[in-house]
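The values are calculated or read from the model by the stated rules, or taken from the named source; none is laboratory data. Note that the coordinates shown come from a computational prediction; the quantities given were computed from them, not determined experimentally. Every residue, glycine among them, receives a Cβ derived from its backbone with ideal geometry; neighbour counts consider all protein chains shown.
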Amino acid sequence: MSLYQNISIPEATHIQNELRAKLDIEERELHITTIGGADISLNLYSTTIFAGIILLSFPQLKPVAYSLVKAETNFPYVPGFLAFREVPALITVWEQMGAKPDLLVVDGHGTAHPRRMGIAAHFGTLTRQVSMGCAKNILFGKFQEPASELGAYTPIYDKQEQIGYAFRSKAKTAPVYISPGYGLGMQNSLQAIQQCTGKYRIPEPTRLAHELVNRFRKGELKEGYQAL
């Protein structure tokens, strides 16, 4: 967990800009048989992080395995730089996984970020893992509210550049905000998440990851990798 210890915000900004130059968000043909969901749980000003990734079959979305880690961070809470608090723990979780997904959906943003380096883009660019962000709240950009029915979507823009989608994952509820992270395009990320909706607002990969991490935080599950 030595990654990003004791660095300043200007240094973090420089790292984001360097990673942005390596970003790969070209559209491509995806072959997905497994999909992952990643979530991080921590109090706003806490140094203790609970991180988890759940592996699901695709398109069935049935749990196959999970990985859990408890870690520490000393990077402060600064909007736009949350990846520096969370990515080191996420990489530790990732590295202990015995099987890795074809696509990882991270609870957070990909390119829908002022420097196009939300946690999904940051993590994906570091690991070269195909990844995308699915966030509960908008961080950056402007969009028109999508229609109220399930599956409606509208683009999120920064000026003239599209940086993500507002996606209605459940009828008559607030949208989620999706964007590519690494190794897939804008349309690819939309097409993937369209196949991940269930009964709830939060798409299944990140919803199940959130449940998993909460159980870990409560002491119901142990740290490590577990096949199901």
Residues located in region 67-81, provided they are part of a strand (DSSP E or B) and surrounded by 19 or more Cβ atoms within 10 Å (Cβ to Cβ)
Ser67, Leu68, Val69, Ala71
Picking from Ile138, Ile178, the residue that is farther than 28 Å from Ala65 by Cα and within 15 Å of the chain's Cα centre (by Cα) would be Ile138
Can you say whether Ile32 is more than 19 Å from the chain's Cα centre (by Cα), surrounded by 13 or more Cβ atoms within 10 Å (Cβ to Cβ), not hydroxyl-bearing (Ser, Thr, Tyr) and not in a helix (DSSP H, G or I), as far as the supplied structure shows?
no
Can you find, within region 146-184, the residue that is nearest to Gly110 (Cα to Cα) among those that are surrounded by fewer than 16 Cβ atoms within 10 Å (Cβ to Cβ) and acidic (Asp, Glu)?
Glu161
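Taking region 172-182 as the region of interest, how many residues are out of contact with any helix residue (DSSP H, G or I) (no Cβ under 6 Å at 6 or more places or on another chain) and farther than 21 Å from Lys142 by Cα?
0
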Scan region 97-134 for residues that are of a type in the set (Gly, Ala, Ser) and at pLDDT 95 or above and jot them down.
Gly108, Gly110, Ala112, Gly118, Ala120, Ala121, Gly124, Ser131, Gly133
Could you say which residue among Thr92, Thr111, Thr125 is within 12 Å of the chain's Cα centre (by Cα) and of a type in the set (Ser, Thr, Tyr)?
Thr111
Residue list for region 82-106, filter: assigned to a helix (DSSP H, G or I) and buried (at least 20 other Cβ atoms within 10 Å of the Cβ):
Ala83, Phe84, Arg85, Glu86, Val87, Pro88, Ala89, Leu90, Val93, Trp94
Do any residues in region 179-197 that are farther than 14 Å from Leu23 by Cβ and at pLDDT below 95 have Cβ atoms under 8 Å from those of residues that are among the acidic types (Asp, Glu) and outside any strand (DSSP E or B), where the two are at least six apart or on different chains, and which pairs are they?
Thr197/Glu204
Is it the case that Val64 is out of contact with any helix residue (DSSP H, G or I) (no Cβ under 9 Å at 6 or more places or on another chain) and in a strand (DSSP E or B)?
yes
Only unsatisfied item for Ile49, checking (1) without any contact (Cβ under 8 Å) to a residue 60 or more places away in the chain; (2) part of a loop (DSSP other than H, G, I, E, B); (3) over 25 Å from Gly185 (Cα atoms); (4) touching a helix residue (DSSP H, G or I) at 6+ places or on another chain (Cβ under 7 Å), is (2)
